[in-house]
Every structure is written in C-alpha cells, then in structure tokens.
Amino acid sequence: MAVVYYDSELRRAGADATQGWRRLAFLAQRHILGTVGLVIMVLFVWVALSADLIGRYDPLSVDSAHRLASPDWRHWLGTDSFGRDVWSRIVHGARISLAVGIGSTTLGASIGVMVGLTSGYLSGWVDLVFQRVTDMLQALPLLVLALVMTAALGPSLPNVIIAIAIPLIPTVSRVIRANTLALREQPFVEAAKSIGMSEVRIALRHVLPNTLAPLIVLATAQLGSTILTEASLSFLGLGIPEPYPSWGRMLSESAAEYVRVAPWLVIFPGVAISLAVFGTNLFGDALRDILDPRQRG
C-alpha cells in the first residue's frame, strides 16, 4: 500500500501551506475526483434548499392541456402524464432524497455508534448478545431488509427513514466496535482508569472521539446507498407516497408505459439519482483516503 506523506508535500508547496485554505486547496488538487464529488453534493444540497425559488411551477399542479409535453422553453424537462412540470418535480424531489438520506444515515449511525461502543467497551456477555442481534440483521441485504420494514410500517416519509436506518445499524456498529476494542487497550484509557474516571466517562470522552474519523467516512459512503435505497423503494411502490415528488416514484410511474413516447420521464430522474449517488461515493472515497492514518505520513 502506497503511503502519502501529506505534511512533507505541503511543506514543499510553501511555508504556509499546512494551514487554512492552502491546505484545502492542496487536498482538492490531489483528490480531483473527491472535489468533483463534493461539488456535486453541494449542488445537490443547494437545489434541495432552493427548490421553491428555482422550481418554475408547483410540482403538484396538474395541467392536462400540456400532458407529455416534450422539453421546451416553457417546460425545461418536459411534463409527465398529468401535465406536471418534470423540472419542478425533480428539484423538489431532491428535498425528499436529502431528508431520507440525512435522516436515515443519522439515525442508523447514532444507534450503531451506541451499540458498537457499548459492545466493544463492555465486552463479555453484552458483546455476545449485541453481536448475535447484529448478525441476524446483517443476514439480509440492505434493500431486502428495508423492503420488509417498509411493508410492515407502511409507506410514509418517517417510516421510510426508519426502514432504511435499521439496516445501517449493523455496519456502523461493527466498525465502531472494532475501533473500540483496539482503543480500550491503549495507555490513555489505562491512565484514565488509574485516576478514578468512570467507565461511562472514559467511553464517551476518550474512546468515542477517536472513532469519529472512520464514522464520518462510513456515513458519507452510506449516504449514497440510502438515496438509492429510497429510490428503489419508491420505484416498487413502498417508498414515499403520492403526492410527494420522489425520483424513484417518478421512474415507476413512467418507466413501463411512457418510456417510448416520452423518454425524458425516465432519463432525467435517472440522471438525478445517478449524480447524487455518484457524488457521495466519490467524496466518501476521497475522505477515506484523507482520514485513513495508514494513507498518511
């Protein structure tokens, strides 16, 4: 494995290059694909937050006189079978994808951190019980388990967030547990015990902060998976219900019936999903390379 000595390269780049914007510029130039991913993610967030401003029409407004209209100056990305503006539905659909992605990743990561930290630090029978439950959850793929949970809970935004968050718990908990098992044997933990610090305080104040780097990388990588899973659930009719404009449901409504006569109904939502997932994966890979101590000098 090639080791990248960032600090030495930064010193050669200039005396001030180890701090502030110069360091960020250096990392951006070194990880071009990661920078591209970050730009896509920032654009994605901006579109979601500015949907009311950049969306030209109400995404739920029906105009039967212009149904299946091809892209033109009035409807930039055309209209669907109900005459709803595709551009407006895509930019408002970014809010759904962002809410599901951030919500499910945050919920799954939070529970996974608590499970992994408790399991790794306490060890013993607690670790045995938690790991067997984790094994059962991990036996099913993310999409399959999300399908089961959504079918049980029902299609709604909060239920979709919960259904996607639960399959993320085993992955996060295993990463945190592995790091906790290594950290609990470090000298600084023994020193904290020797001065009478409580186990809970040691775990939260000394062990947990040292697991944040792999957690950030994992959460960024999982963000793309959650967006794709939400689109898959909506495509299958178990995700975000109508009238909310979900990218997956937009594909489901048009893929079979209108793909020949109105291909823009499939192309543009598909491109939106692909860009969102592509951007998060690129940025996650670059973040892993930057934060992984084995890749740095």
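Could you state the accessible area per residue of the chain in Å², with a 1.4 Å probe and every protein chain left in place? All intermediate terms of the calculation are to be shown ahead of the outcome.
Numbers: 15250 Å² over 297 residues.
Counting only protein heavy atoms, the per-residue value for the chain is 51 Å².
Normalising by the residue count of the range 127-258, find the relative contact order in percent from Cα pairs under 8 Å and 6+ residues apart. Provide the component values of the computation, followed by the final result.
On the way: 103 pairs, mean separation 34.5, N = 132.
In percent, rounded to a whole number, it is 26.
Quick check for me: using +1 on Lys/Arg Cβ and -1 on Asp/Glu Cβ, what's the dipole size of the range 15-152 about its Cα centre, in debye to the nearest 20?
Details: 10 positive and 9 negative charges, 50 e Å.
The calculation lands at about 240 debye.
Relative to the longest principal axis of the chain, what angle (0 to 90°, nearest 10) does the C-alpha long axis of helix 20-30 take?
Roughly 70 degrees, rounded to the nearest 10.
How large is the charge dipole for the chain, taken about the Cα centre, if only the Cβ atoms of Lys, Arg (+1) and Asp, Glu (-1) carry charge, to the nearest 20 debye? Each step should come with its number before you reach the end.
On the way: 23 positive and 21 negative charges, 129 e Å.
In debye, rounded to 20, the chain gives about 620.
Can you sort MET149, MET136 by solvent-accessible area, 1.4 Å probe, largest first? Display every interim value, and only then the final one.
Details: MET149 45, MET136 130 Å².
Final ranking, largest accessible area leading: MET136, MET149.
Could you work out how far helix 32-49 tilts from the main Cα principal axis of the chain, as a 0 to 90 degree angle to the nearest 10?
On a 0 to 90 degree scale, this one is about 60.
I need the peptides 276-283, 35-42 ranked by packing, meaning the mean over residues of other C-beta atoms within 10 angstrom, with the highest value on top.
On the way: 276-283: 22.0, 35-42: 17.6.
Result, highest mean first: 276-283, 35-42.
Could you give the C-alpha radius of gyration of the range 199-297 expressed as a fraction of 2.2 N^0.38 Å, taking N as the number of residues it contains?
Here the Cα radius of gyration is 1.52 times the empirical estimate.
Sort the following peptides by mean Cβ neighbour count (other Cβ atoms within 10 Å, averaged over residues), highest first: 89-101, 201-213. Intermediate values should be presented prior to the final figure.
Details: 89-101: 23.3, 201-213: 16.2.
Per-residue Cβ counts within 10 Å, averaged per peptide and sorted highest first, yield 89-101, 201-213.
Taking R0 as 35 Å, what's the FRET efficiency between TRP21 and LEU53 from their Cβ-Cβ distance, rounded to 0.05? Intermediate values should be presented prior to the final figure.
Working: r = 29 Å, r/R0 = 0.83.
So, using R0 = 35 Å, E works out to roughly 0.75.
Just to confirm my numbers, what's the Cα centroid distance between the range 154-183 and the range 47-120 in Å?
24 Å
Placing +1 on the Cβ of each Lys and Arg and -1 on the Cβ of each Asp and Glu in the chain, which of VAL200, PRO141, GLY279 has its Cα farthest towards the positive end of the resulting dipole?
Working it through, the farthest residue towards the positive pole turns out to be VAL200.
For the range 37-77, what is the convex hull (Cα atoms) projected area averaged across all directions, in square nanometres?
On the way: hull surface 15.4 nm².
With the hull built on Cα positions only, its mean projection is 3.8 nm².
What percent does the relative contact order of the chain come to when contacts are Cα pairs within less than 8 Å and at least six residues apart? Spell out each step's value before the answer.
Details: 437 pairs, mean separation 74.5, N = 297.
Relative contact order here is 25 percent.
In the range 162-297, what percent of the accessible surface is made up of carbon and sulfur (1.4 Å probe, ligands and nucleic acids excluded)?
That share works out to 64 percent.
Does anyone have the angle between helix 264-291 and the longest principal axis of the chain? Alpha-carbon axes, 0 to 90°, nearest 10?
Helix 264-291 sits at roughly 10 degrees to that axis.
How about the range 167-234: which GluC sites (Glu not before Pro) there are in a DSSP loop, with at most 12 other Cβ atoms within 10 Å of their Cβ? Mind dumping the intermediate values first?
Working: sites: GLU185, GLU190, GLU199, GLU230; in loops: GLU185.
Hits after loop and neighbour filter: GLU185.
Can you work out the FRET efficiency for the pair LEU33 and THR106, with r the C-beta to C-beta distance and R0 = 41 Å, to the nearest 0.05?
Details: r = 25 Å, r/R0 = 0.62.
In this case the efficiency is close to 0.95.
Could you work out the equivalent-ellipsoid semi-axes for the chain, taking the square root of 5 times each eigenvalue of the Cα gyration tensor, largest first, in whole Å? Mind showing how you got there, number by number?
Details: eigenvalues 343, 141, 38 Å².
Whole-Å semi-axes of the equivalent ellipsoid: 41, 27, 14.
Can you give the accessible area of TYR244 in Å² (nearest 10), computed on protein heavy atoms with a 1.4 Å probe?
My reading of the accessible area for TYR244 is about 120 Å².
On a 1.4 Å probe surface of the protein chains, which of ILE164, ILE111, ILE169 comes out largest in accessible area, and what is the full order? Intermediate values should be presented prior to the final figure.
Values: ILE164 0, ILE111 60, ILE169 25 Å².
Sorted descending by solvent-accessible area, the residues read ILE111, ILE169, ILE164.
Please state the equivalent ellipsoid semi-axes for the range 85-141: what are the square roots of 5 times the Cα gyration tensor eigenvalues, largest first, in whole Å?
Working: eigenvalues 274, 31, 4 Å².
Here the semi-axes work out to 37, 12, 4 Å.
May I ask for the percentage of alpha-carbon pairs in the range 20-60 that lie more than 17 Å from each other? Walk me through the numbers before you get to the answer.
Values: 413 of 820 pairs.
In whole percent, the share of Cα-Cα pairs in the range 20-60 beyond 17 Å is 50.
The values are calculated or read from the model by the stated rules, or taken from the named source; none is laboratory data. None of these values were measured; they are calculated from a predicted model. Because the Cβ atoms are built from the backbone with ideal geometry, glycine has one as well, and the counts that use them run over all protein chains shown. Heavy atoms of the whole protein, side chains included, go into the accessibility calculation; ligands, DNA and RNA do not. Shrake-Rupley method; radii C 1.70, N 1.55, O 1.52, S 1.80 Å.
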